[in-house]
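Chemist: Right, I'll just put the structure down here and ask away after.
Computed from the coordinates by the stated procedures, all read-outs in this text should not be read as laboratory data. This one's a predicted model, so the numbers in the text were calculated from it and none came from an experiment. Note: ideal-geometry Cβ built from the backbone for every residue, glycine included; neighbour counts use all protein chains shown.
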Amino acid sequence: MIMQARNISVLADDSQLIKDIELELKPGELTALIGPNGAGKTTLLRTLLGLIQPDTGQVTLNGMDVQKLSPIKRARQIAYLPQTRLLAWPNIVSDVVALGRFAFGTSPAKLNPSDKALIEDVMIACDIQHLSERRANSLSGGELARVHCARTFAAQAPFLIADEPVAALDPRHQIRIMKLIKNYVSPARGALVVLHDINLAAQYADRLIWMKNARIIADGSPQDTLTNERMADVFKVKACINKAHILIEDAL
Amino acid sequence: MPSALNPVLVLTAFLSIILACLLGSTPLGLGQVFAGLFGQGSEGDTIVITQIRLPRALAAFFVGAALGISGAALQGLLRNPLAEPGVLGVSAFASLSATFVIYYGLATSNPWLVPLTAIAGALFATTIIALAAIKTRSVVTLILIGVGLSSFAGAAMSLLLNLAPNPFTLADLINWTLGSVANRSLDDLTLAVPFIGLGGLILYLNRRGLSALTLGEEAASGLGVNLKSLRIYIVLGAGLATGAAVSIAGAIGFVGIVAPHVIRPFVRHDPARALIPSALLAGIFLVLADIGVRIAPTQTELKLGVVAAIIGAPAFIFIAMKQYDRGGHV
């Protein structure tokens, strides 16, 4: 399973949201997409998911144009964890996780034994099995984040795309979520994650994709791409990098 | 618990319809009712049962069921417990367009005309709401648009009343706007119930998408929901069911809010699982309310729509206040 973006650009009114993006994602890698606010990260994710039709270029999954895949077929290949996590109703946790199986025809009201076992497994992996009968609106932010991870994992999709999965979480929960995503990645499964915390990205990601002004300006391992100059160029900060530890000293 | 919910509601619905046949200005015994239903009783009893009480009870049930399932589905689509055909102006537009047809005397030319125009009016308003819902995430804006649609339909209706050529037309139109299931025949039902069934079926077949929408539109698209077609189907289903209901009974408000609100805790707040029980409960509500209307010792008979609003409007306010209490998403 390979996801490829070839020369994709997205325009909104007069501005380029993303421009000339070339990208290839393979299973086995945890890739962090980093860049300042407004660089085009979310637009890139949504285009890869097929939710936005690019103005030029094409996104393919194993050679198939994602725009031509039915939503269900696409959802079986890519699980998506968007930024908004609010639930419309005070649903029960295990039902929310069961929604992750939507693309396989499952509904929370009617689970077959294999779905049930799978949902049980992902709830254990995300350490939320003790919450399974709780209402989602009674959970803390960290617990809710794990519930959303579990429902995303429940799809067992070859690709996981997550938009700021650790935003608004305390350091302990940030680490827990990153470890969960790291564990999800296997030789058969890959993940693309938008992160704002460069330390987390450097620590957990196998590969960093740097975005600035709608373009990818660097793509490679943290060792190769994480430099003081790049931090200054992309984030406009003065940083002090010591192996995988980044101390941000000042804004430029 | 949820597994027992539907059978219990179905049983209650049957009992309430039988009760509606028993009670009235001349109370009948259980034996007389069953004899009448199967054409074995005295001629007088049979007429009272099959021509008056049963059609009326069935009309109340189907109207309630249509409004209940439409309310539950619109709430799922708009992710808002205050969404309902009445509040969103859907019923008002359905009754405006039906009134228009009746007013110009077109209704007698073809019996299908009233249900079809009522459905067209309902679809028009539902489409506007659904289009607005794409543009805005604000619950308040949507409700305000509904208020605007209701006010517009109300004004146009007043204009029709204002211009009514004679007192008889006026009385007819007023009866229609107040909402009632009195004097409905089985023929009236045959014209409308198929549309209610079709609308309900469309909503039921799309219920899984409503569950997924719990997570928001972005996540639901990620799960594989085709948002565009889901919106179209819910609008179509709710428009058909509501329009047909209005063509039977005129505008009856709030039952589409109250029934799903009562049901949700029993179905784990899953919009999909709320559809059928909400329909059944709303049907039971209206059958019972209509019994109340009939046996209330008033000089002129109360209108079902008026009674529903008197009970339903405070419930609406209560649900709205609770919604903001728990920091509801505005």
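Chemist: For chain A, set up a GNM with springs between Cα atoms under 10 Å and report which of A:178, A:64, A:211 has the largest fluctuation.
Modeler: Its mean-square fluctuation being the largest, the pick is A:64.
Chemist: Counting other C-beta atoms within 10 Å, which of A:215, B:264, A:151 has the fewest, and how do the rest follow? Walk me through the numbers before you get to the answer.
Modeler: Working: A:215 16, B:264 21, A:151 28.
By the 10 Å Cβ count, ascending: A:215, B:264, A:151.
Chemist: With charges set only on the Cβ (+1 for Lys and Arg, -1 for Asp and Glu), what does the dipole of the protein assembly as shown come to about its Cα centre, in debye to the nearest 20? Could the numbers behind the result be given before it?
Modeler: Numbers: 46 positive and 38 negative charges, 134 e Å.
Value, rounded to 20: 640 debye.
Chemist: With N denoting the number of residues in region A:1-105, provide Rg(C-alpha) divided by 2.2 N^0.38 Å, to two decimal places.
Modeler: Details: Rg = 15.3 Å, N = 105, 2.2 N^0.38 = 12.9 Å.
Expressed relative to 2.2 N^0.38 Å, the Cα Rg reads 1.18.
Chemist: In region B:26-76, what chymotrypsin sites (Phe, Trp or Tyr not before Pro) fall in a loop by DSSP, with at most 14 other Cβ atoms inside 10 Å?
Modeler: Details: sites: B:34, B:38, B:61, B:62; in loops: B:38.
Sites meeting the loop and neighbour criteria: B:38.
Chemist: In Å and on Cα atoms, what radius of gyration and Dmax does region B:142-185 show?
Modeler: In Å, with Rg to one decimal and Dmax whole: 13.0, 38.
Chemist: Here is a further query. Could you size up the charge dipole of region B:2-325 around its Cα centre, putting +1 on the beta carbon of Lys and Arg and -1 on that of Asp and Glu, and report it in debye to the nearest 20? Let's see the in-between values first.
Modeler: On the way: 16 positive and 12 negative charges, 160 e Å.
Taking the Cα centre of region B:2-325 as origin, the dipole is about 760 debye.
Chemist: At 222 nm, what value in deg cm²/dmol follows for chain B if DSSP H runs of at least 4 each add -39500 (n - 2.57) and the sum is divided by all its residues, to the nearest 500?
Modeler: Result for chain B, helices only: -24500 deg cm²/dmol.
Chemist: Net charge around residue B:247, counting only other residues with Cβ within less than 13 Å of its Cβ (Lys, Arg = +1; Asp, Glu = -1)? Show your work: numbers first, answer last.
Modeler: Numbers: positive: B:184; negative: B:187, B:188.
Taking every Cβ under 13 Å from that of residue B:247, the sum is -1.
Chemist: Per DSSP helix of 4 or more residues, -39500 (n - 2.57); summed, then divided by the residues of chain A. What does that give at 222 nm, rounded to the nearest 500?
Modeler: Using -39500 (n - 2.57) per qualifying helix, the result is -9000 deg cm²/dmol.
Chemist: Give the average, rounded to an integer, of partner chain Cβ atoms located within 10 angstrom of each Cβ in A:147-158. Working shown, then result.
Modeler: Working: counts 0, 2, 0, 0, 3, 3, 0, 0, 3, 0, 0, 0.
Rounded to a whole number, the mean comes out at 1.
Chemist: Top mean-square fluctuation among A:157, A:145, A:12, Gaussian network model of chain A, C-alpha springs under 10 Å?
Modeler: A:12
Chemist: Right, next: Is there a simple number for the mean count of other chain Cβ atoms within 10 Å of the Cβ of residues in B:260-270, and what is it? Don't jump to the answer; show the numbers that get you there.
Modeler: On the way: counts 0, 0, 0, 0, 2, 2, 0, 1, 10, 10, 10.
Neighbouring Cβ atoms belonging to other protein chains average 3 per residue here.
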